[in-house]
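The values are calculated or read from the model by the stated rules, or taken from the named source; none is laboratory data. All figures in this text were calculated on a predicted structure; none of them were measured in a lab. Backbone-built Cβ (ideal geometry, glycine too); neighbour counts: all protein chains shown. Please note that ligands, DNA and RNA were not included when accessible areas were found on the heavy atoms of the full protein model with its side chains. Shrake-Rupley method; radii C 1.70, N 1.55, O 1.52, S 1.80 Å.
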Amino acid sequence: MVYGIPLEWYLIVAAALFCIGGYGVLARRSAVATLMGVELMLNAININLVAFWRYLEPPGTTGQAFALFVYAVAAAEAAVGLALIIAVWRTHNTVVLKDLDMLQG
Amino acid sequence: MEFLKDLIINIGQWFVALLADAGLPDIWVQVITLGVGAFTLALVPLATPFLLILYERKVVARIADRLGLNNSAYGGPYGLLQVPDDAIKMFTKEDSVPATADRWVFNSAPVVCVTVAVLIWGVIPLGPGVIGSDLSIGIFYILSLGAGSVVAVLMAGWGSNNEYSLAAALCGVATLISREIPLVLSVMAVVMVVGSFSMPDIIAAQDQYAWFLFAMPWTALIFLASILSEPGRRPFETVKADSEVVAGYFTAYSKFGMFYLAEFMNQLAMSILFATLFLGGWRGPFVEQIPILGTVLWLAIKTLFVMSVIQLLHYSLPRLRTDQILAVTWKFLTPLALVNICVLALAGKTLPPNAGPWTRTLAFLAANIGMTLVVLPILAARDRAARRRQEQIRRAAQPSSRKHK
Amino acid sequence: MLNQFAFIGFLLIVALILGAATPILARLVRPQKAIPRKLEMDECDMRTHGETWVEFKAQYYTLVIVFLLFDVAAVFLLPWALAYNTLELYTAIEVIAFILMLLGGLVYLWRKGALEWL
Amino acid sequence: MTLQQILFLIFSAITLIAALMVVTRRNLCHAALFMVLSFFGVAGLYVLLEAPFLAGVQVFIYVGGISTLIIFAIVLTRDVVDPTLPPHNRQWIAGALVMALLCSVLIWTVLGYQWTTTTPGQVPADSIARLGTILVDPEGFLLPFEVTSVLLFAVLIGAITIARER
């Protein structure tokens, strides 16, 4: 325990955050809001990584380094995802995911 | 006399002893000390603008060669009362929130703005041992707080629900985030040499090396150019271009006092930051014997010097357009800062490992001079090319324009 | 570690209180004479038209993307910069490779005209 | 209950409540601002976990970069979402059920496992410098580090090409 806080508390918060983000991904109409849900899920993962680093191997660096790479991937995902949304918005004038079914044939 | 030597630290210790004598438990002594300390520190940036605005107005009156505060009707002797006058006016002014505004966002934007500006002061060393908190991530903390002011600008622009405000906010955010990259990269060059994020360590390292302004002039230049847009200073001022877009993102605020205050606090903080990173902070002669000298004399002089440079730039240069600012930051400052990191990294590592600080300083300086020799011809060539292009356009346009007449 | 941040926490609370107190106190002394015309949105007496909607240039948007990616790159370089004094020459060369990659991207965009923001 | 535990509860409450607001608010811009608040809460958790550098990175990248990007996207595409329609789609009940189920399974698993038996050690003072060393160490994370630069290069060119007006 660090400062009297058990590891489980962090894991529970991360699990809850992950599920809230997952709900956002599943239930929102707007594509931008869906991406916001994905960002919340990535945050939950990072909480887990850092918490495990702190509680299991504080002298090591693996957890922090992994968290850094998650940041890079999150930024890349946000950049490409939102660029796609903007491109779709420009051609189809919508960001509502339900309306984007051109590939269904 | 012994007490006066280290005034601030002694007052702090006296206060702690006073609380401990009163029989309070340790935890409460700590809480009260931290609270009072935080309050005192927050008052510094909130109160100093009253003096510095006066100074700035005198400077601008001299530069523009016009009547200054001394001739103001309600200014009192030497215009001393003008700033309090303005503050009272600002405080009692009617505050109309536009009916269509997003009330919560609209009202909390200035609070966020001021909060971020105050928070920066938590890690700035004001004298030997006089620092809010010597965080291990010191300077990186300040850099990441820059994100907060971006959010505040967006909140103000969005909350006003006014197309002018929103457009100006997007413009302002564009300049704010563009300067962030050269800012981080120039700070990174300092961190590389010092080997620590902590602000007192940066000052101590400059005691060992020379002032970083002399060791790494290019880094200092990039840093200076990137801190100008935070407080809205020309030539990088479109966050709030008074004469062009009225008041930028806070057009819809009838009381812009909070933004004005935050802007001034930012300018002060950025000046101190430059003085700390590149001019040796509070260090100076006799500071070991009389520590209070560092805060009152050396740091104040250096800060005032940096501020005067910023004001001179502001009041004597024209304003750049947003796209020109973005061109400067992305096509000049950012590549230059990246190359700067590469050059310094190579220069520092090609030296023998037992080289003393002075050898290293000279090596960094030589690397900077080498960079100058490469950068200046490139700039000159681009300038010539641009001028040739303009000449061509002018020649092509001339005959047709005559025909129209 | 936490002791260092305790002060920042207190400073945050103090700053929030000071920032919020000023407008609330000002509310007590200021005049309140709101008329509908005053609460309308305008700039230099130009009333805004309809919905707050302007066709914002998507170029600003590409600017934020470039910024975000350079932000991430800077965060990757910062720990290296901190450890620089203890590292060998070859790490500097690795980092220069990293930076050259980014510079390559920037120069490519520049050549393609993607850095003309307006 | 120690002071630190109370701090933990405050930070996690900020994070989770703000996250709930993010997924339920109708006004997308409010959702984005709540997302910023949520990110600040996570940064607070990192401070409690003694990872100040990651707390800084959290604010630096998420608040400064990703949130700004998302708010710009919202401002840009604002006019195309009909504000009278509900903020969620038809599968929201199913989504909520699935996620509540997943959440309870996760919490049940977390609580049912004995994670640590020893007290964790201290974080070394040069933790961030170690991170910097391992990132450029060929034995450490050098390959991912360089691959990251390739990733950033690819995204830089790809995303700009997609988003740019032609």
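Couple of notes before you dig in:
- Among residues of the range D:17-57, those that are open to solvent by 40 Å² or more (accessible area, probe 1.4 Å) and under 13 Å from the mean Cα position of the chain (by Cα), counted: 3
- Checking each residue in the range B:194-206 for being buried (at least 24 other Cβ atoms within 10 Å of the Cβ) and at the interface with another protein chain (Cβ under 9 Å from one of its Cβ atoms) picks out B:V194, B:F197.
- Of the helices (runs of 4 or more DSSP H) lying entirely inside the range D:51-166, those containing at least 2 residues that are closer than 25 Å to A:L56 by Cβ are D:52-57, D:92-111, D:127-135, D:142-163.
- Filter result for B:G138 (in the same structural domain as B:N162 (by TED's automatic domain parsing) and open to solvent by 50 Å² or more (accessible area, probe 1.4 Å)): no
- For the range C:107-118, a residue qualifies if it is within 7 Å of another protein chain (Cβ to nearest Cβ) and either open to solvent by 20 Å² or more (accessible area, probe 1.4 Å) or out of contact with any Ser or Thr (no Cβ under 7 Å at 6 or more places or on another chain) (or both), and the qualifying residues are C:Y108, C:L109, C:W110, C:L115, C:W117, C:L118.
- Qualifying residue in the range B:267-284 (condition: open to solvent by 60 Å² or more (accessible area, probe 1.4 Å) and either among the basic types (K, R) or over 22 Å from B:A117 (Cβ atoms) (or both)): no
- Check on B:S144, open to solvent by less than 10 Å² (accessible area, probe 1.4 Å), more than 11 Å from chain D (Cβ to nearest Cβ) and part of a helix (DSSP H, G or I): no
- Among residues of the range A:86-97, those that are over 18 Å from D:H88 (Cβ atoms) and aliphatic (A, V, I, L, M), counted: 3
- Hits in the range D:92-126 - residues which are closer than 30 Å to C:F76 by Cα and at pLDDT 90 or above: none
- Condition met for A:L49 (more than 7 Å from chain D (Cβ to nearest Cβ) and touching a residue at least 24 places away in the same chain (Cβ under 8 Å)): no
- Hey, D:L28 touching a helix residue (DSSP H, G or I) at 6+ places or on another chain (Cβ under 6 Å) and closer than 28 Å to C:L77 by Cα or not: no
- Here is the figure for the range B:56-102: residues that are within 14 Å of chain C (Cβ to nearest Cβ), part of a helix (DSSP H, G or I) and touching a residue at least 40 places away in the same chain (Cβ under 8 Å) total 3.
- Residues satisfying the stated conditions in the range B:154-174, i.e. under 30 Å from C:L11 (Cβ atoms) and within 10 Å of chain D (Cβ to nearest Cβ): B:L154, B:M155, B:G157, B:W158, B:G159, B:A169, B:V173, B:A174
- Close pairs from the range C:55-69: first at pLDDT 85 or above, partner part of a helix (DSSP H, G or I) and aromatic (F, W, Y), Cβ under 6 Å, at least 6 apart: C:V64/D:F72
- The conditions of being on the phi < 0 side of the Ramachandran plot, modelled with pLDDT of 90 or more and surrounded by fewer than 23 Cβ atoms within 10 Å (Cβ to Cβ) are not met by A:V50.
- Against the conditions (1) farther than 24 Å from C:T91 by Cα; (2) facing chain A (nearest Cβ under 9 Å); (3) among the hydroxyl-bearing types (S, T, Y), D:S127 satisfies every one except (1).
- Residue check, B:P200 modelled with pLDDT under 75 and either outside the structural domain of B:M188 (by TED's automatic domain parsing) or more than 30 Å from B:E94 (Cα to Cα) (or both): no
- Residue in the range B:52-60 that is among the acidic types (D, E) and open to solvent by 40 Å² or more (accessible area, probe 1.4 Å) present: no
- Set side by side, the residues B:T334, B:T322, B:T329, B:T372 differ, and just one is away from chain C (no Cβ under 14 Å) and either open to solvent by less than 60 Å² (accessible area, probe 1.4 Å) or within 28 Å of the chain's Cα centre (by Cα) (or both), which is B:T372.
- Among (1) facing chain C (nearest Cβ under 7 Å); (2) open to solvent by 10 Å² or more (accessible area, probe 1.4 Å); (3) farther than 21 Å from C:V64 by Cα - the single one B:V191 does not satisfy: (2)
- Within the range C:85-104, residues that are within 7 Å of chain D (Cβ to nearest Cβ) sit with their Cβ atoms under 6 Å from residues that are modelled with pLDDT of 90 or more and open to solvent by 30 Å² or more (accessible area, probe 1.4 Å), at 6+ positions apart or across chains, in these pairs: C:M101/D:F153.
- Residue list for the range A:86-103, restricted to those being open to solvent by 90 Å² or more (accessible area, probe 1.4 Å) and closer than 21 Å to C:Y60 by Cβ: A:T91, A:N93
- All positions within the range B:61-92 that are open to solvent by 60 Å² or more (accessible area, probe 1.4 Å), within 20 Å of B:P110 (Cα to Cα) and among the charged types (D, E, K, R): B:K89
- Checking each residue in the range B:34-47 for being at pLDDT 85 or above and open to solvent by 30 Å² or more (accessible area, probe 1.4 Å) picks out B:L34, B:V36, B:F39, B:T40, B:L43, B:V44.
- Leading residue by the ranking (most open to solvent (accessible area, probe 1.4 Å)) among those in the range B:13-33 that are out of contact with any helix residue (DSSP H, G or I) (no Cβ under 7 Å at 6 or more places or on another chain) and under 30 Å from B:V111 (Cβ atoms): B:W28
- For the range B:375-385, filtering for residues that are closer than 30 Å to B:P352 by Cβ and open to solvent by 50 Å² or more (accessible area, probe 1.4 Å) leaves 0.
- Criterion: over 23 Å from the mean Cα position of the chain (by Cα) and either aromatic (F, W, Y) or farther than 30 Å from A:Y23 by Cβ (or both) - qualifying residue of D:P138, D:P144: D:P138
- A:I20 being more than 7 Å from chain D (Cβ to nearest Cβ) and of a type in the set (V, I, T): no
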